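This report concerns only the one structure given below.
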Amino acid sequence: MKLCGLTGGVGMGKSTAASFLEARGFRVVETDGLARELVQPGRPALAEIQQVFGNDIVSPEGSLRREELANIVFSDAALRAKLETILHPRIRERWLALVETWRRENVPAVVVVIPLLFETGAESHFDKILCVACSENARHERLLKRGWTPPQIQNRIAAQMPVREKMSRADFVIWSEGDLENHSRQVDCILAALAA
């Protein structure tokens with residue numbers, strides 16, 4: 001099995017790159033999706049988060065108020081670290097189990113999308129690491145289109161390793177500006193290099 005990690009800064013096009021890889025036969029694990037599953041009502045991680053952050057971050061229906069929690073943790077590094085100690089080990093356990101299942105099923109290629117791949121020290125698990133990047137202006141525009149405010153954007157960016165460092169540590173970089181055809185061609189070039 002060829003096991004690749006996919007990372008990059010917030011708003012830089014990781015999901016698009018992952019969809020191109022999936023279309024070319026990769027099985028894809030999105031760790032953001034695993035995180036969302038872990039905080040569903042009734043799950044132990046949600047109970048632990050509620051214990052640390054208080055009842056206000058859970059709605060009357062029992063679901064996580066994601067925006068409320070994000071506002072707290074992206075303005076306080078110590079609280080963000082507490083959240084990460086609850087979620088990151090569980091997320092890693094889930095994607096490693098999925099990868100192991102696919103390995104037993106002889107799946108040829110898997111990509112795990114981990115925004116904080118280097119920050120969480122996950123690089124040793126992968127054969128190759130791909131980093132998706134774009135200019136700061138393009139990223140800012142994309143995040144504004146998501147409805148984020150400039151302070152929210154700054155807080156999210158500040159919470160991650162600088163993208164230049166991620167690029168320098170990755171085996172391949174996908175530059176996600178330009179049209180989707182350009183993005184797709186870069187993915188094909190990387191796949192050709194992986195197959196060589």
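Read-outs throughout are calculated quantities, based only on the coordinates presented, and are distinct from any laboratory measurement. Since this is a predicted model, take the numbers as computed values, not measurements. Cβ atoms come from the backbone with ideal geometry, glycine included; neighbour counts cover every protein chain shown.
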**OP:** Among the residues of segment 83-127, count how many are in a helix (DSSP H, G or I) and either among the polar types (S, T, N, Q) or free of Cβ contacts under 8 Å to residues at least 60 places away in the same chain (or both).
**Re:** 16
**OP:** Filter segment 4-23 down to the residues that are assigned to a helix (DSSP H, G or I) and touching a helix residue (DSSP H, G or I) at 6+ places or on another chain (Cβ under 8 Å), then identify the one that is farthest from Gly147 (Cα to Cα).
**Re:** Leu21
**OP:** Determine whether Gly42 is free of Cβ contacts under 8 Å to residues at least 60 places away in the same chain and either on the phi > 0 side of the Ramachandran plot or crowded, with 17+ Cβ neighbours inside 10 Å (or both).
**Re:** yes
**OP:** Could you tell me whether segment 34-41 includes any residue that is assigned to a loop (DSSP other than H, G, I, E, B) and within 30 Å of Leu144 (Cβ to Cβ)?
**Re:** yes
**OP:** Can you run down the residue pairs with Cβ atoms below 6 Å, 6 or more apart or on separate chains, where the first is in segment 167-187 and in contact (Cβ under 8 Å) with a residue 60 or more places away in the chain and the partner is polar (S, T, N, Q) and part of a helix (DSSP H, G or I)?
**Re:** Ile174/Gln186
Original post:
within 23 Å of Pro44 (Cα to Cα) and surrounded by fewer than 19 Cβ atoms within 10 Å (Cβ to Cβ), is that true of Lys82?
Top reply: yes
